[in-house]
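The values are calculated or read from the model by the stated rules, or taken from the named source; none is laboratory data. Please read all numbers here as calculations on a predicted model, not as lab measurements. Here the Cβ positions follow ideal geometry from the backbone for every residue, glycine too, while neighbour counts run over all protein chains shown. To get the accessible areas, we keep the full protein, side chains included, count just its heavy atoms, and leave off ligands, DNA and RNA. Shrake-Rupley method; radii C 1.70, N 1.55, O 1.52, S 1.80 Å.
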Amino acid sequence: MTRAEVESHSGRSGHAAGVRLMELGDGIERGMRMLEFRSGTGLRFTVLVDRAMDIADCEYRGQAIGWHSPAGFRSPALHDYEGEGGLGWMRSFSGMMVTCGLDHILFMAETETSSYVYGPRATASHSLHGRIGTIPARLTGYGEHWEGDELTLWAEGVVTQAAVFGEHLELHRRIEVRAGTDEIRLSDRVVSRGFYRTPHMYCYHINVGHPLLEEGARYLAPVRDVVWAAHAESYEAQGVGYRVFPAPQDDFHEQVWQHEMAADDAGLVPVALVNDRLGLGIMVTTRKDQFPCQYEWQNLQKGQYAMGIEPSTHHVLGNQAARDRDEMIWLHHGDERRYDTTFTILPDAAAVAGAEARIRAIAAQPEQDYPAPSGDFVALGAAG
């Protein structure tokens with residue numbers, strides 16, 4: 001429809017597609033700002049302004065895509081970063097996308113901080129997946145923008161992670177979706193505003209839940225090599241491989257894989273979870289030069305049932321290994337890193353088949369459920 005045709009049917013486009021700001025009012029979510037996006041196709045998602053502008057709910061035509069954990073969308077005012085030996089992050093872990101960083105990802109670590117030139121704190125104590133995901137954003141704008149007959153729904157904000165005698169990093173985030181489409185575009189810039197040499201690590205924890213995730217759901221990715229498995233010592237003990245998902249399990253221990261992905265001619269890496277019974281899926285497309293590493297997270301425990309697609313700047317080996325291997329990204333004042341990601345809903349069987357064909361054309365993933373990990377962590381470039 002043209003803009004004139006849209007406007008002839010209603011006083012404003014918001015009856016079908018729009019973005020609006022609201023505030024959550026009860027329980028552990030009380031007081032948090034949330035943006036609700038509706039693209040007009042049946043795609044609806046929400047953005048938690050006060051939690052790094054991460055994506056919380058995501059649904060398509062009433063069917064949930066994003067994961068809700070028992071922890072809920074907890075207010076950052078309740079978050080204890082140092083809690084539980086660094087595992088307090090788990091009490092704020094929920095939603096379709098949780099951002100990890102900006103100077104640390106993965107498990108807890110103690111790292112030296114000589115670049116900050118402050119003797120009383122010779123080391124930094126990092127909790128699981130870093131600080132950024134529970135820092136409120138400064139909302140710099142949101143709305144609905146017409147350009148000719150094309151309507152774009154958008155939001156922008158800045159999230160600051162900073163300390164005296166420490167890092168001063170900013171996440172500049174823009175989220176947009178064109179009305180009438182099933183595609184969310186995420187554009188991030190991480191900028192160093194400080195004048196110390198500062199480490200940078202970055203990861204998205206993209207979490208899919210029921211009903212898209214159910215018994216028989218399939219993971220599709222251009223896997224060139226299975227590099228690592230957290231559960232390698234009991235590789236087949238739980239009976240769950242990396243390709244096909246079972247129903248929710250009793251006493252399931254999380255499984256994490258690192259895959260070396262191939263990219264297409266444009267440098268893009270598409271990864272999908274698809275449900276053939278529903279004829280539904282989601283595809284996450286990243287750039288290999290921005291996120292050279294990728295993990296697959298399987299949390300198939302009853303009551304917490306989820307899978308995660310995790311593009312990352314670094315290997316699963318962690319913070320200290322990145323330093324030891326000279327792979328840490330170091331940022332100086334004014335340096336920035338860009339991250340451009342697309343979330344595409346696959347609304348029917350034809351779209352699922354098209355995504356599978358596209359991914360297979362890049363690389364055919366291993367057909368066995370338990371491919372032996374190679375342990376081949378490809379050398380990564382560093383900056384700074």
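Taking all Cα pairs closer than 8 Å and separated by 6 or more residues, the relative contact order of the stretch 114-252 comes to 15 percent.
Counting only cysteine Cβ atoms and a cutoff under 4.7 Å, the chain contains unmatched residues CYS58, CYS293. Taking the centroid of alpha carbons for each part, the stretch 231-300 and the stretch 148-219 are 20 Å apart. Highest mobility in the GNM of the chain, judged by mean-square fluctuation with C-alpha springs under 10 Å and restricted to GLU144, GLU327, GLU110, is found for GLU110. As an equivalent ellipsoid, the stretch 256-352 spans semi-axes of 29, 18, 11 angstrom, where each value is the square root of five times an eigenvalue of the C-alpha gyration tensor, largest first. With a Förster radius of 35 Å applied to the C-beta separation of ASP149 and ARG189, the computed FRET efficiency comes to 0.75. The value of relative contact order for the chain, using C-alpha pairs under 8 Å at least six residues apart, is 15 percent.
Comparing Cα centroids, the stretch 318-373 and the stretch 20-38 end up 31 angstrom apart. Averaged per residue, the chain has 41 square angstrom of accessible surface, using a 1.4 angstrom probe with ligands and nucleic acids left out. Note on VAL164/GLU7: beta-carbon distance plugged into 1/(1 + (r/R0)^6) with R0 of 51 Å gives a FRET efficiency of 0.45. Counting protein heavy atoms only, the stretch 259-303 has 48 percent of its accessible area on carbon and sulfur, 1.4 angstrom probe.
Note on the stretch 250-299: Kirkwood hydrodynamic radius from all Cα pairs is 12.7 Å, rounded to one decimal.
Once percent of Cα pairs over 39 Å apart is worked out from the coordinates, which option in (1) 33; (2) 21; (3) 14 does it equal? Step by step, percent of Cα pairs over 39 Å apart for this structure corresponds to label (3).
Across the accessible surface of the stretch 1-107, with the other protein chains kept in place and a 1.4 Å probe, carbon and sulfur atoms take up 49 percent. From its DSSP helices (H runs of at least four residues, each -39,500 (n - 2.57)), the chain gives a residue-normalised ellipticity at 222 nm of -2000 deg cm²/dmol.
A simple spin-label model places the labels of ALA237 and GLU367 3.0 nm from each other, with each point 7 Å out along Cα-to-Cβ.
Dividing the C-alpha radius of gyration of the stretch 110-167 by 2.2 N^0.38 Å, with N its residue count, gives 1.82. Extension gain, ASP335 to ASP80: 0.36 nm times the residue separation minus the Cα-Cα distance gives 88.8 nm. Here the 3J(HN,Hα) profile of the stretch 265-282, calculated from phi with Karplus coefficients 6.51, -1.76 and 1.60 at θ = phi - 60°, is 5, 8, x, 9, 10, x, 10, 9, 10, 10, 10, 5, 5, 7, x, 8, x, 9 Hz, Gly and Pro shown as x.
Ordered from largest to smallest accessible area (heavy atoms of protein chains, 1.4 Å probe), the residues MET1, MET261 come out as MET1, MET261.
Considering the chain as a Gaussian network with a 10 Å cut-off on Cα pairs, which listed residue, HIS259, HIS333, HIS205, attains the greatest mean-square fluctuation? Looking only at HIS259, HIS333, HIS205, the biggest GNM fluctuation is shown by HIS333. How much of the calculated P(r) for the stretch 192-257 lies past 17 Å, in percent of all Cα pairs? Beyond 17 Å sits 60 percent of the P(r) for the stretch 192-257. Extending 7 Å from Cα along the Cβ direction at TYR118 and again at ARG20 yields two label points whose distance is 4.4 nm. The local environment of VAL378, defined by Cβ-Cβ distances under 9 Å, has a net charge of -3 under the rule Lys, Arg +1 and Asp, Glu -1.
Result for the chain in a Gaussian network model with C-alpha springs under 10 Å: among LEU106, LEU220, LEU317, the largest mean-square fluctuation is at LEU317.
The heavy atoms of SER92 present about 10 square angstrom of accessible area, all protein chains included, probe 1.4 Å. The relative contact order of the stretch 221-278, computed from alpha carbon pairs under 8 Å that lie at least 6 residues apart in sequence, is 54 percent. Over all alpha-carbon pairs in the stretch 58-217, figure out the percentage whose distance exceeds 26 Å. For the stretch 58-217, the share of Cα pairs beyond 26 Å comes to 38 percent.
Counting heavy atoms of the protein chains alone, ARG325 has an accessible area of about 90 Å² for a 1.4 Å probe. Shape analysis of the stretch 55-114 based on the Cα gyration tensor places the equivalent ellipsoid semi-axes at 28, 14, 9 Å, largest first.
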